[in-house]
Amino acid sequence: MIANFPDMIAGSLNLSEPWYVEGAEFSPEKKEVHIYVNVREGAEFACPSCGGATVRNGYEPTERVWRHGDCLFYPSFVHCKRPRVRCPHCGTKQISAPFERKNSRFTLLFEGYAMLILADMPRAKAAEILRCNEKSLSAILSYWVNEAVSRQDLKGLVRLAVDETSRLRGHDYVTVFVDADRRRVIDVEQGREKSVISTFAEKLEKHGGSKEAVCAVTSDMSKSYLPGIAENFPNALSVIDKFHVKQILTNALDMVRKEEQKSSEAKQALFQGRRLFMIPRGRMSEQQVAKLDSLSKRYPKTGKAYSIVAALDDFYACYTVEEARNAFDSLYSWMRMRRCRLQPMKDAATTLRNHKEKILAYFYHRITNAVCEGINSMIQAAKRKARGFNTYEGFASMIYLVAGKLQLAVPNPF
C-alpha cells in the first residue's frame with residue numbers, strides 16, 4: 001500500500017488547500033479507478049469574475065465527473081461537487097476546480113497527454129489508446145491549438161512563404177502561410193482564392209505584425225496569390241518559388257516524352273525509363289547516368305528536353321543576380337530558338353518570360369516554399385494524422401500542431 005497515495009493523486013490534479021483528495025477506490029467490475037475530490041468547509045474564494053470578496057453559497061447540485069490520466073493502466077475518473085459563492089456585485093458564481101478546463105469533461109493532465117498522442121498518430125488510433133471517443137479528442141485538439149494560435153506574436157515577420165496543399169481528393173485546398181525565418185506555419189486558410197491573402201494580412205496586423213514590414217513573399221504562379229500579395233504587401237518583393245518553376249519544365253519534359261513515345265517504334269523502353277528523366281543528374285548513381293545517356297541518344301527529343309531541365313538547375317546555382325539574369329536569358333533563348341522544335345518547351349519558355357523578374361527575385365532573398373527542411377513532409381504527415389478529422393478546422397489544427405511550433409498552454413504530463 002502506498003502511504004502517500006493521496007498526495008500523489010493531488011499532485012497530478014494540481015490540488016492545494018483548500019482542495020484535497022477525500023478518497024479513491026478501484027471498481028473491479030468496471031476496471032476503473034475513481035477519485036473523490038472535496039474542498040474544506042470553511043474555505044473562502046474570491047469572485048471568479050471580479051476578484052472581489054464573496055461568501056460561500058453551498059455546492060453545485062450534482063456531482064461532476066472528469067476523465068483523468070490512467071492509473072496503473074486503468075482509466076481514472078475524478079468526482080467532485082464544486083463550491084459556489086455569492087458576490088455582492090456579480091451574484092452567484094461557480095468556482096472552477098484546479099484540474100479542469102471550462103466545458104471539458106477531461107482533466108488538464110489528461111488533455112496534455114492527449115495532445116502529445118495526437119501529434120504522433122491519427123485520431124482513430126489515439127482514441128483507441130486513450131480509450132475515449134474521437135469527437136472528444138477533436139474538441140481537445142481544436143481548443144488548445146486555437147488558444148495557442150490566438151496568442152501568436154507575429155511582430156518582426158519580414159519574409160513569408162505562401163503555398164497550397166490539398167485537404168481531400170479533388171479541389172479542396174487550404175493555403176498555408178509560413179514564417180520563412182522562424183521556419184514555422186503561422187496561418188492556415190481555407191481555399192486558395194485571392195481573399196485568403198487579405199485575410200492573413202488582417203490577422204498579421206492583429207497579432208503585432210506589419211504589412212509594410214514584409215519585404216519578401218514567395219509563392220507559386222497562381223493568378224490568385226500574386227495579385228493578393230501585390231495589394232496587401234506593398235513593400236514586398238514577390239518571389240516565384242523555384243520548385244514551382246521547375247515543375248513547369250518537368251511537366252513540359254513529360255509532354256515531350258509522351259509525344260516522342262507515340263511516334264517511336266520502341267515505346268516500352270521510354271515508358272519504363274520515364275521516371276529517370278525526373279531525377280537531377282547529380283543525384284543519380286553511375287548505373288542511372290549510363291542508362292539516361294543511352295535513353296537520351298535513343299530518344300533525342302526527350303534527351304534534349306532533359307538537358308533544358310538540367311540547365312534550370314544550373315541557373316539556380318548562380319551566385320549573383322546579374323549572373324542569374326544572363327543564365328535566364330541563355331536558357332530562354334535555347335528553349336525558344338527555331339531548331340529546338342519542342343513546342344511544350346517553347347510554351348514553358350513563354351510562361352517563364354512572363355514571370356522573369358519574380359523568378360529572378362529569388363536571388364535577392366533565396367527563400368522558397370520549402371523554407372525549412374521537411375516542412376512539406378510535415379504537412380503531408382499532418383494530412384495522414386488528420387484522417388478522421390472530416391473538417392477543414394481539424395486539418396488546420398493538425399497542421400498547426402505538427403508544423404506551427406506552438407507554445408501550447410496545456411500542462412505537460414511528463
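Structure notes:
- Tally, over region 356-377, of residues that are outside any loop (DSSP other than H, G, I, E, B) and either modelled with pLDDT of 90 or more or crowded, with 16+ Cβ neighbours inside 10 Å (or both): 11
- Residue within region 57-64 that is crowded, with 18+ Cβ neighbours inside 10 Å and at pLDDT 90 or above present: no
- Count of residues meeting criterion [assigned to a loop (DSSP other than H, G, I, E, B) and in contact with a helix residue (DSSP H, G or I) (Cβ under 9 Å, 6 or more places away or on another chain)] in region 265-293: 5
- Selection of region 328-358 for residues being among the aliphatic types (A, V, I, L, M), within 24 Å of LEU237 (Cα to Cα) and out of contact with any helix residue (DSSP H, G or I) (no Cβ under 6 Å at 6 or more places or on another chain) yields only LEU352.
- Residue match in region 253-264 (condition: at pLDDT 95 or above and assigned to a loop (DSSP other than H, G, I, E, B)): no
- Residue selected from region 97-118 under the condition small (Gly, Ala, Ser) and assigned to a loop (DSSP other than H, G, I, E, B), by the criterion farthest from LEU13 (Cα to Cα): SER104
- Here the condition is being under 39 Å from the mean Cα position of the chain (by Cα), in a helix (DSSP H, G or I) and not acidic (Asp, Glu); of LYS346, LYS297, it holds for LYS346 alone.
- Selected residue (criterion: surrounded by the fewest Cβ atoms within 10 Å (Cβ to Cβ)) from residues of region 150-167 that are of a type in the set (A, V, I, L, M, F, W, C) and out of contact with any Lys or Arg (no Cβ under 9 Å at 6 or more places or on another chain): VAL158
- Meets criteria (buried (at least 16 other Cβ atoms within 10 Å of the Cβ), of a type outside the set (Gly, Ala, Ser) and not in a helix (DSSP H, G or I)) for VAL402: no
- Residue within region 37-52 that is assigned to a loop (DSSP other than H, G, I, E, B), hydroxyl-bearing (Ser, Thr, Tyr) and out of contact with any strand residue (DSSP E or B) (no Cβ under 7 Å at 6 or more places or on another chain) present: no
- Extreme residue, surrounded by the fewest Cβ atoms within 10 Å (Cβ to Cβ), among residues of region 168-182 that are charged (D, E, K, R) and either under 19 Å from TYR225 (Cα atoms) or within 15 Å of the chain's Cα centre (by Cα) (or both): ASP172
- Scanning region 183-193 for residues being buried (at least 21 other Cβ atoms within 10 Å of the Cβ) and either under 13 Å from ALA161 (Cα atoms) or not charged (D, E, K, R) (or both) gives a total of 4.
- Number of residues in region 119-133 that are in a helix (DSSP H, G or I) and crowded, with 18+ Cβ neighbours inside 10 Å: the value is 4.
- Subset of region 5-19 (residues that are surrounded by fewer than 15 Cβ atoms within 10 Å (Cβ to Cβ) and either more than 17 Å from LEU109 (Cβ to Cβ) or touching a His at 6+ places or on another chain (Cβ under 9 Å) (or both)): GLU17, PRO18
- Subset of region 194-229 [of a type in the set (D, E, K, R), under 25 Å from LYS246 (Cβ atoms) and surrounded by fewer than 17 Cβ atoms within 10 Å (Cβ to Cβ)]: LYS223
- In region 265-283, of all residues being over 16 Å from LYS297 (Cβ atoms) and of a type in the set (A, V, I, L, M), the one that is surrounded by the most Cβ atoms within 10 Å (Cβ to Cβ) corresponds to ILE279.
- For LYS223: the one exception among (1) part of a loop (DSSP other than H, G, I, E, B); (2) over 21 Å from ALA348 (Cα atoms): (2)
The values are calculated or read from the model by the stated rules, or taken from the named source; none is laboratory data. These figures come from a predicted structure and were not determined experimentally. We place every Cβ from the backbone using ideal geometry, glycine too, and count neighbours over all the protein chains shown.
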